[in-house]
1. Across every pair of different alpha-carbon atoms, what Kirkwood hydrodynamic radius in Å does the chain reach?
2. Apply the Karplus parameterisation 6.51 cos²θ - 1.76 cosθ + 1.60, with θ equal to phi minus 60°, to every residue of segment 167-180 and state each ³J(HN,Hα) to the nearest whole Hz, in sequence, with x for glycine and proline.
3. Report the extension gain between Ile5 and Asn72 in nm, rounded to one decimal, defined as 0.36 nm multiplied by the number of residues separating them, less their alpha carbon distance.
4. With every protein chain kept in place and ligands, DNA and RNA left out, what is the accessible area per residue of the chain? Probe 1.4 Å, answer in Å².
5. Just to be sure I understand: with springs between alpha-carbon atoms less than 10 Å apart, which residue in Gly100, Gly80, Gly213 has the highest mean-square fluctuation in the Gaussian network model of the chain?
6. When the chain is modelled as a GNM with alpha-carbon springs shorter than 10 Å, which of Asn113, Asn41, Asn134 fluctuates the most?
7. Given the protein chains as shown and a 1.4 Å probe, how many square angstrom of Glu206 are accessible, to the nearest 10?
8. When the Cα centres of segment 185-244 and segment 20-52 are compared, how far apart do they sit, in Å?
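The values are calculated or read from the model by the stated rules, or taken from the named source; none is laboratory data. As the structure is a prediction and not an experimental result, all values here were calculated from the model. Ideal geometry is used to build each Cβ from the backbone, glycine not excepted, and the neighbour counts take in all protein chains shown. Heavy atoms of the whole protein, side chains included, go into the accessibility calculation; ligands, DNA and RNA do not. Shrake-Rupley method; radii C 1.70, N 1.55, O 1.52, S 1.80 Å.
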Amino acid sequence: MSEEIIGNIHSIETCGTVDGPGLRFVAFLQGCPLRCVYCHNPDTWDVNHNIKTFTADGLMKEIVKYKSFIKNGGITFSGGEPCLQANFVREVFKLAKDEGLHTALDTSGAVINENVKDVLEYTDLVLLDIKSINPEKFKYIASIKIDKTLKFLEYLREKEIKTWIRHVLVPGITDNEKDLEELSSFIEKYDNIERIDILPFHKHGEHKWEALGMTSPIADTQPPSSDSVKKAKIIMKKSGKVVR
Ligand code: SF4
């Protein structure tokens with residue numbers, strides 16, 4: 001039996017296809033220290049809001065029910081910010097490794113401490129969200145500085161942990177050609193980065209902001225055009241990485 005650490009979970013997707021390779025069991029954890037202007041899960045911000053609780057063993061019992069589907073994919077912890085519940089994630093990842101399952105951590109990189117470093121010992125792939133390589137824009141988007149995300153990436157390089165970069169393309173904020181060129185050259189230097197996902201901004205989470213009595217500062221922004229997404233991907237390909 002693993003020690004009784006309780007995880008606060010927002011929701012579960014049993015056969016996810018977008019948060020890492022293959023079919024995956026994805027657990028979205030409560031709690032996030034960031035306040036991204038384009039967040040589509042603002043109901044995850046408060047670690048105690050609307051939660052389902054699981055022990056690590058309890059969640060693993062759920063996960064193994066889907067083992068035949070996810071055996072060539074794996075499990076992903078997303079959020080919110082899963083590193084806020086690092087001890088819980090570590091316990092589940094340990095159990096996942098015993099089951100021979102691939103583990104992925106979808107993170108902003110904003111929390112980097114000894115507990116998170118322990119999680120990374122059991123992590124096969126990190127999906128790291130770089131909101132902008134431009135420090136002012138990063139701060140505008142996320143309400144915190146870029147420093148910890150860069151430190152997190154440095155640690156991933158040091159430990160040679162496979163990493164996919166995620167970048168949300170928001171018209172008027174992150175689709176600036178100069179910033180994209182800079183991000184592409186920056187990424188090129190990291191051998192542990194395998195792939196870049198360009199994620200077009202969408203408005204699917206708008207109703208959640210409204211339900212929480214909030215308005216996103218970019219509520220009037222529309223999703224990017226397919227041309228703009230294509231252009232961003234062309235720039236990212238200059239890094240020599242796989243771009244999706
Ligand atoms: S890091 Fe993710 S969950 Fe947290 S505010 Fe940003 S988009 Fe939302």
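1. Details: mean 1/r = 0.0547 Å⁻¹.
In the chain this quantity evaluates to 18.3 Å.
2. Listing the rounded values in order: 9, 7, 8, 10, x, x, 10, 10, 9, 5, 4, 4, 5, 5 Hz.
3. 21.4 nm
4. About 46 Å² of surface per residue is accessible.
5. Gly213
6. Sorting by GNM fluctuation, first place goes to Asn113.
7. Answer for Glu206: close to 70 Å² accessible.
8. 17 Å
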